[in-house]
Amino acid sequence: MGYGIIPNMKDESLVCQKPCTHRDCAASREDFIDHNICTICGKELKNGDAFYYQGGGKFRYDKVHAHCMIEQVEQS
């Protein structure tokens, strides 16, 4: 199972820093700004954090810290 890394959303090369109409900028903001809380521990996912997408959640972008998922799997 591969994990992702939370990108630096303040990097102009990744997403426009001013209001825009780019679909990919809107999708990135929705994914990494609007839905940036781990569904296991409830803490914010920050730049550089390893994460997994969690299926079956309230949003299609539900994410968990990689270390939270690993701990959860190891306990079961």
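The values are calculated or read from the model by the stated rules, or taken from the named source; none is laboratory data. Note that this is a predicted model, so its numbers are computed, not measured. We place every Cβ from the backbone using ideal geometry, glycine too, and count neighbours over all the protein chains shown.
When you scan the stretch 35-50, how many residues do you find that are surrounded by 12 or more Cβ atoms within 10 Å (Cβ to Cβ) and either farther than 12 Å from GLY4 by Cβ or modelled with pLDDT under 95 (or both)?
Residues of the stretch 35-50 that are surrounded by 12 or more Cβ atoms within 10 Å (Cβ to Cβ), as a first pass: 35-41, 43, 45, 47, 49-50.
Applying the additional criterion that residues be either farther than 12 Å from GLY4 by Cβ or modelled with pLDDT under 95 (or both) yields 35-41, 43, 47.
Result for the stretch 35-50: 9.
Residues in the stretch 35-70 that are more than 12 Å from the chain's Cα centre (by Cα), touching a residue at least 24 places away in the same chain (Cβ under 8 Å) and in a helix (DSSP H, G or I): how many? Total meeting the criteria: 2. Taking each residue of the stretch 3-25 that is touching a residue at least 12 places away in the same chain (Cβ under 8 Å) and surrounded by 11 or more Cβ atoms within 10 Å (Cβ to Cβ) and looking for partners that are of a type in the set (S, T, N, Q) and part of a loop (DSSP other than H, G, I, E, B) with beta-carbon atoms closer than 6 Å, six or more apart or interchain, yields ILE6/ASN47; ASN8/ASN47.
Scanning the stretch 5-44 for residues that are in contact with a Lys or Arg (Cβ under 8 Å, 6 or more places away or on another chain) and within 25 Å of HIS67 (Cα to Cα) yields ILE6, MET9, HIS35, ASN36, ILE37, CYS38, THR39.
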